[in-house]
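Beneath this line is the structure, given in structure tokens, with notes to follow.
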Amino acid sequence: MWSEKQFRREMKRVKREKKQCDRKKELYDKRLEVKLVKRSMRSFKLPTTTKIIVAYIFLNCTVVEVYSMVVMWKLQNLDALYALITAVVAESVSFAVYAAKSYNETKQEEIIKLERDKMDVAKREVAGDNLEEAMG
């Protein structure tokens, strides 16, 4: 069993630790808020990794296409046509895959936003019902 003095001392220690945790949480929240504000104030948005990859594929295929056309024109030989056709097919497939991926991501984001909005409306309705019950 603890004496009253030990109990008070332990309670003071617990309260101090709780205050420290609260301060750390507040500091973390403030830092997070500053980070979000800084991010929202950017003059440009960083492109996603998939956009960079698709841009690289398009650039690479375009270089292959130009090179193939120059080779066919200079050598008067259509053997480079194989590279030209493959580059165009690769470019088309990569764009189709990117478009499908982008569509699915956007669809998921919209579903999440819709669910969040539904929950917000439900919370407001519950809060309104509770307020009406309290007013009575």
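Scanning segment 56-100 for residues that are touching a residue at least 40 places away in the same chain (Cβ under 8 Å) and hydroxyl-bearing (Ser, Thr, Tyr) returns Ser94, Tyr98.
Would you mind stating whether Tyr98 is open to solvent by 80 Å² or more (accessible area, probe 1.4 Å), hydroxyl-bearing (Ser, Thr, Tyr) and assigned to a helix (DSSP H, G or I)? Answer is no for this residue. Candidates are the residues of segment 46-81 that are under 26 Å from Thr106 (Cβ atoms) and outside any helix (DSSP H, G or I); the one that is modelled with the highest pLDDT is Pro47. Checked against (1) in a helix (DSSP H, G or I); (2) open to solvent by 100 Å² or more (accessible area, probe 1.4 Å), Ser43 passes all but condition (1).
Do we find that Lys123 is part of a helix (DSSP H, G or I), loosely packed, with under 11 Cβ neighbours inside 10 Å, more than 21 Å from the chain's Cα centre (by Cα) and among the basic types (Lys, Arg) in this structure? Yes.
The values are calculated or read from the model by the stated rules, or taken from the named source; none is laboratory data. Model, not experiment: these values are computed from the prediction. In this analysis, Cβ positions are derived from the backbone assuming ideal geometry, glycine residues included, and neighbour counts consider all displayed protein chains. What goes into the accessible areas is simple: the full protein's heavy atoms, side chains included, and nothing from ligands, DNA or RNA. Shrake-Rupley method; radii C 1.70, N 1.55, O 1.52, S 1.80 Å.
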